[in-house]
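Read-outs: derived from the displayed coordinates by stated rules, not from any lab. No experiment lies behind these values; they were computed from the predicted model shown. Cβ atoms come from the backbone with ideal geometry, glycine included; neighbour counts cover every protein chain shown.
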Amino acid sequence: MPFVDDPEHHLAHIGWRTPAVPLDTAGLSCARVVAQHRAGYQLHDGAASFNAHLAARFLKRALDPTQRPAVGDFVLYAPGTPPIIERILPRRTELRRGAAGEGHQQQIIATNIDAVLVLNGLDGDFNPARIERYLLLIQDMGAIPALVLTKADKIADAAAIAADLQRRIPGIAIHTINAKSPTSIAPLLAYLGPGQTAVLVGSSGVGKSTLTNTLLGEARQATQTVRKHDSRGRHTTTHRALIQLPSGGCLIDTPGMRELRLTGEENLEQGQFADIDELAQTCRFGDCGHVGEPDCAVRAALADGRLDAQRWRNYLKLRDELTAAADTLEAQMRRKGEARLPAKGFGKRLGERYTHR
Ligand SMILES: Nc1nc2c(ncn2[C@@H]2O[C@H](COP(=O)(O)OP(=O)(O)OP(=O)(O)O)[C@@H](O)[C@H]2O)c(=O)[nH]1
Ligand SMILES: [Mg+2]
Ligand SMILES: [Zn+2]
């Protein structure tokens, strides 16, 4: 970590946690990326926000987009008109998703975050399979995942739905809220103390910006009603924005994601699906396909209700998708001549493990 001169401790107000040590940063200053839009980058140094441009090397077309500055990054910039972003400081954490298209495989959603709050609406948006997909993506990134069920004020049995869901995703905190009510959202402040950064993710219309505004205590982010017939949002938020909260924490509001692709580095053997993997290992045949073989532990668990049928179907779907994504990622790295395994170190073994489909 390079040393950063922050005599006034301003950076602490924008989520900087390493003790600032005055030393040579070769005429560069430090700030955090708080927004990125068509017009360029917006930085904040804890005292004020300002626009900045990227140094030429970040603009090379061949550059992997994950190596460009992203919202949440601490960067070193050369002061001037305009300020020029020269370097990205090492990221504490990164939230990535798979990217559509041929070229590059992954996309950064946010960096240097401590908690990922996954929002799901208790209206027509409610979707446990999508929640499991989000949790899989977050699993090994080093931030705490938590689930936020919004619009609890719109239905009668919110607590029962949350309890059901908790059985499906044990070990993950679930908060059931009305995003418009300051008292209702108070438990979320636990993720947003001084120095902490949390990111809000979820489909359009779930209430990410509504929650942001309630945490802020003012209507800064635009919000819009959802479509009546299917509860879908209207893609109101168009770029990611890091916002300082009165609680001392930082919150990143994001645009609703249309599609949530796996990166290819996720791990189905550990985490929320570990029980299924364990179960499958007790089938009589080591290569059991779980489709009618004798002494199949998975079929037995499905039959007596120990394994939820919808959860099993989602597992199979995610497994197939993960196999394909891992293959693509591996091929891409081979093409680029990169010998290293993906960050989470999973791609190689995946093909071997899940060949029996
Ligand atoms: N009753 C109720 N309405 C909510 C709640 N949360 C959000 N809403 C409403 O849902 C609509 C969509 O909320 P937004 O905050 O714009 O949703 P978003 O997740 O930011 O959507 P995008 O920016 O499009 O991704 C608005 O009309 C909000 O008032 C809630 O907990 N209860
Ligand atoms: Mg929004
Ligand atoms: Zn089996």
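Residues Cys30, Cys250, Cys288 in ascending order of nearby Cβ atoms (within 10 Å, fewest first): Cys288, Cys30, Cys250.
At an R0 of 22 angstrom, the distance between the Cβ atoms of Ala47 and Ala26 translates into a FRET efficiency of 0.55. Just to be sure I understand: of the beta bridges DSSP finds with both ends in the stretch 108-253, what percent are antiparallel, rounded to 5? Taking every DSSP beta bridge within the stretch 108-253, about 20 percent pair in antiparallel fashion.
Non-local lysine pairs in the chain, meaning eight or more places apart or on different chains, with alpha-carbon distances under 27 Å, amount to 15. For the pair Arg335 and Asn127, label points projected 7 Å from Cα toward Cβ lie 2.8 nm apart.
Annotation: extensible slack from Phe285 through Arg17 equals 91.4 nm (criterion: 0.36 nm per residue apart, minus Cα-Cα distance).
Dipole of the chain computed with +1 at Lys/Arg Cβ and -1 at Asp/Glu Cβ about the Cα centre; of Leu318, Gly256, Leu117, farthest Cα towards the positive end is Gly256.
Against the main long axis of the alpha-carbon atoms of the chain, helix 158-168 sits at an angle near 70°.
The gain in end-to-end length when the Asp275 to Gln224 segment is fully stretched comes to 14.3 nm, 0.36 nm per residue minus the alpha carbon separation. Charges were assigned to the Cβ only: +1 to each Lys and Arg, -1 to each Asp and Glu. The resulting dipole of the chain about its Cα centre is roughly 900 debye. With neighbour counts taken as other beta-carbon atoms within 10 Å, the residues Thr150, Thr238 rank, fewest first, as Thr238, Thr150. Applying a 4.7 Å Cβ-Cβ cutoff to the chain, the cysteines left without a disulfide-compatible partner are Cys30, Cys250, Cys296.
Using only Cα atoms, tell me the angle between helix 128-138 and the longest principal axis of the chain; keep it within 0 to 90° and round to the nearest 10. Around 50 degrees separate the two axes. Placing pseudo-labels 7 Å out from each Cα toward the beta carbon at Leu59 and Ala324 gives an inter-label distance of 3.7 nm.
Taking every DSSP bridge with both residues inside the chain, close to 60 percent are antiparallel.
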